[in-house]
Amino acid sequence: MSLLLAIFYFFYFSIIGVYIIFLPKVLSMSGYAASDIGIIFAAAPLVRFIVPFAFIKGLKINVTSFNVALLIMCLSSVSFYFSLDNFYKLLFSNIFLGVGLSLVLPYIELISLKHLKKERYGKIRLFGSVGFILVALVLVKFLSSANIALAYLLVLTFTTSIAAFIIARKADTLLDKHEDTINDIDIVADWKLWVGLTLMQVSFGSFYNFFTIYETDHGISLDMTIYLWSFGVIVEIFMLYFQGSLLRKNLLLILQITTLVTAFRWFLLFLYPQNISVLFFSQALHALSFALFHSAAISYLYYLYKHKSLAQQFFSGITYGFGAFAGAIVAGYVYELYPKYLFLSATFIALIAAWFLYLWGGHKKNLFL
């Protein structure tokens, strides 16, 4: 199972590499305004936010719904070929891709945590980072047209779906446990935690959707920008491999510290968008602001709630869904109206996220795991 999970992560995050590194640039080259790009890339996260609530209303998290999500994901990747010239067709393609993504990764994450436990999770998850960096280094050499990026998206999506289908077949009873029958998730009562986690992802809207555009607009070459992306993933891989001992510590404290580090990271990008040394240093902080934060967050929620599968769905939907949706919208309009202050706005959002996680710190559900 570990090998299958490693293969899935490798190809799944290769898709993400194409999606967040190259597609914004492709749309910019195709004549879309920054606000249009923000709206288009906000569609999939918005759907990821909505979908988990369907499970509260009776939709079951099982192999059938998972396989339907894989089919939707494949069909949406095909539809991109026929959508690039039309804003609304492209928007709907992204929406259906969001439906697929909103189900696939949380399901696999739960399987990983059950099979691997939090200490070994990073050593398998790092293969996703390897896939991300390889597709970045390869595609930058061949990105002569939008169709090339879309071809990569199509092939990687189908390959990912095959690996995910096999994993689901081997773990088809994993989620049919009594622990998942009791919904103890109260987002209203635990709002400080969820606001903090979500705002952290809102702050990433500037980075994921506009970092490539931001740096190339400041005179940094596309090749160098890809090297910056790649370096961030290299340190991410390093953290994922060695983070096991850290995840035995206070998980909430890790979340608070990594959120503050993220605010500092965005502030550096605001102050020094053309300083290569500072840019590489800021990318080194990706080890904390993404790798360690993500692993600590899913582990914290895994132990915090009894309904573990729904907790992962909500984490994906609310933080990476609504958070990414709001982040894309905010970043799109900030970059269109006040491009100089793109990462300054991200800095303030990350600081507010850290404040809410600090406020949550005194809650009785604080964990030291």
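Structure notes:
- Reduced Cα scattering model of region 1-40, Debye log10 I(q)/I(0), q = 0.35 Å⁻¹: -1.04
- Förster radius 41 Å - calculated FRET efficiency between residue 62 and residue 278, Cβ distance, rounded to 0.05: 0.30
- Per principal axis, descending, Cα span of the chain in whole Å: 54, 42, 34
- Dmax and Rg, reported as Rg then Dmax, of region 63-111 (C-alpha, Å): 11.9, 39
- Label-to-label distance for residue 78 and residue 249 is 4.9 nm, based on points extended 7 Å past Cα in the beta-carbon direction.
- Descending by average beta-carbon neighbour count within 10 Å, the peptides 81-88, 307-314 line up as 307-314, 81-88, the highest first.
- Extension reserve of the residue 169-residue 238 stretch, reckoned as 0.36 nm per residue once the Cα distance is removed: 21.7 nm
- Length-normalised contact order for the chain - Cα pairs under 8 Å, 6+ apart - percent: 31
- Stretchable slack from residue 142 to residue 191, in nm (0.36 nm times residue separation minus alpha-carbon distance): 13.1 nm
- Long pairs among 25/114; 249/308; 170/308; 117/141; 25/192; 25/141, criterion Cα-Cα beyond 26 Å: 25/114; 117/141; 25/192
- Residue 71/residue 151 FRET efficiency (R0 22 Å; Cβ-Cβ; nearest 0.05): 0.65
- Over the residues of the chain, the helix contribution to mean residue ellipticity at 222 nm works out to -25000 deg cm²/dmol, using -39500 (n - 2.57) for each DSSP H run of at least 4.
Read-outs throughout are calculated quantities, based only on the coordinates presented, and are distinct from any laboratory measurement. A quick note: this is a predicted structure, and the numbers were derived from the prediction, not measured. Backbone-built Cβ (ideal geometry, glycine too); neighbour counts: all protein chains shown.
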